[in-house]
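The values are calculated or read from the model by the stated rules, or taken from the named source; none is laboratory data. These figures come from a predicted structure and were not determined experimentally. In case anyone asks, the SASA skips ligands and DNA or RNA and just uses the protein heavy atoms, side chains included. Shrake-Rupley method; radii C 1.70, N 1.55, O 1.52, S 1.80 Å.
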Amino acid sequence: ELTKSNSNNCEEYYKFYKEITCKEDPYFAVYDFDYEKPGEGYRNKIIFISWIPENADIQNKTILAASKEVLKT
C-alpha cells in the first residue's frame, strides 16, 4: 500500500532514474531511499546503481565493470 510519503518517494526516484538513464556515459549512482512500511514504521535503503548504456565506449564499459565489485564492498 502506498502512502503519500511513499508516493512522493516513488516520484522522486522516477525523476532520478530518468535523469541518469538519458546519459550516454557509464557511471555509478547511489540513491538514498526512505519509505514507510505500513504497520512496521519507516525504513531507509541505499540503492547502488551501475549504469552502462549499450552505446558507451568499450573502454569505459570495461573500467566500470571492473570497478563495480570493489565499490559495492
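Roll a 1.4 Å probe over the protein chains and send me the accessible area per residue for the chain in Å².
78
Enter the angle in degrees (range 0 to 90, nearest 10) between the Cα long axis of helix 58-72 and the first principal axis of the Cα atoms of the chain, meaning the one along which they spread out most.
40
What value, in deg cm²/dmol to 500, does the helix sum -39500 (n - 2.57) over DSSP H runs of n ≥ 4 give at 222 nm once divided by the residues of the chain?
-15000 deg cm²/dmol
Out of the total accessible area of the chain (probe 1.4 Å, heavy atoms of protein only), what percent is carbon and sulfur?
Accessible surface attributable to carbon and sulfur in the chain totals 52 percent.
Which whole-number percent gives the relative contact order of the chain, counting Cα pairs below 8 Å spaced six or more residues apart?
29
Relative to the longest principal axis of the chain, what angle (0 to 90°, nearest 10) does the C-alpha long axis of helix 4-21 take?
In the chain, helix 4-21 runs at an angle near 10 degrees to the longest axis.
Once you have a ≥ b ≥ c as the square roots of the Cα gyration tensor eigenvalues for the chain, tell me rounded if a/c is under 1.5, and otherwise prolate or oblate according to whether a/b is larger than b/c.
oblate
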